[in-house]
Amino acid sequence: MPHSIFADTGALLAAYNPRDKYYHAAQAFFHSDHRFVTTNFVVDETITLALNRVGHRLAVELGDNLWSGNLAGIVYVTKTDQRLAWDLFKRYDDKMFSFTDCTSFAVMLRLGLTDVFTFDGDFTQSGLFTKVP
């Protein structure tokens, strides 16, 4: 059974935006034999960005696939995760990590996940995670 890979907003959105430069890479990786997880915070961020970048129809399609678990399993951010995320947000004052990024870091640490499907460098800049593929 494959290990879980955390799916970040950029990768999720790229899979639904044919104009995204990472569209084909995202499509291929999501259709590979991997198990993906994400958080409810990332789902929120992804649907909001999708609405602004690709419109309501694709945002709804993406949201339906996320909320149903078809694209990735959803892990809910706990209060403990949020407290750790706030500590991480304050600690990384030399980075531009969003609070949502920090909640992702906290959940990944809780679940023991090290691999993240993303197209930005935030996760690797933390020194805690490995960008895949």
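The values are calculated or read from the model by the stated rules, or taken from the named source; none is laboratory data. All of these numbers come straight from a predicted model, not from anything done at the bench. Because the Cβ atoms are built from the backbone with ideal geometry, glycine has one as well, and the counts that use them run over all protein chains shown.
Give me the pairs: first residue in region 70-95 and over 30 Å from V60 (Cβ atoms), second residue surrounded by fewer than 18 Cβ atoms within 10 Å (Cβ to Cβ) and modelled with pLDDT under 95, beta-carbon distance under 6 Å, and six or more apart or on different chains, which are they?
K95/Q125
Can you confirm whether D64 is loosely packed, with under 13 Cβ neighbours inside 10 Å, touching a residue at least 12 places away in the same chain (Cβ under 8 Å) and more than 16 Å from L128 (Cα to Cα)?
Working: loosely packed, with under 13 Cβ neighbours inside 10 Å: yes; touching a residue at least 12 places away in the same chain (Cβ under 8 Å): no; more than 16 Å from L128 (Cα to Cα): yes.
Answer is no for this residue.
Mind listing whichever residues of region 110-132 are over 19 Å from V77 (Cβ atoms), of a type outside the set (V, I, T) and free of Cβ contacts under 8 Å to residues at least 40 places away in the same chain?
Hits for region 110-132 are G121, Q125, G127, K131.
For region 31-61, how many residues are more than 22 Å from F105 (Cβ to Cβ), surrounded by 14 or more Cβ atoms within 10 Å (Cβ to Cβ) and either hydrophobic (A, V, I, L, M, F, W, C) or at pLDDT 95 or above (or both)?
Going through region 31-61 one residue at a time, the tally reaches 5.
Among the helices (runs of 4 or more DSSP H) lying completely within region 26-133, list those that include at least 1 residues that are closer than 17 Å to A7 by Cβ and either under 13 Å from the mean Cα position of the chain (by Cα) or hydrophobic (A, V, I, L, M, F, W, C) (or both).
So the answer is 40-54, 56-67, 99-111, 122-125.
Would you pick out the residues in region 1-25 that are over 26 Å from Q82 (Cα atoms) and assigned to a loop (DSSP other than H, G, I, E, B)?
Passing the criteria: M1, P2, A15, Y16, N17, P18, R19, D20, K21, Y22.
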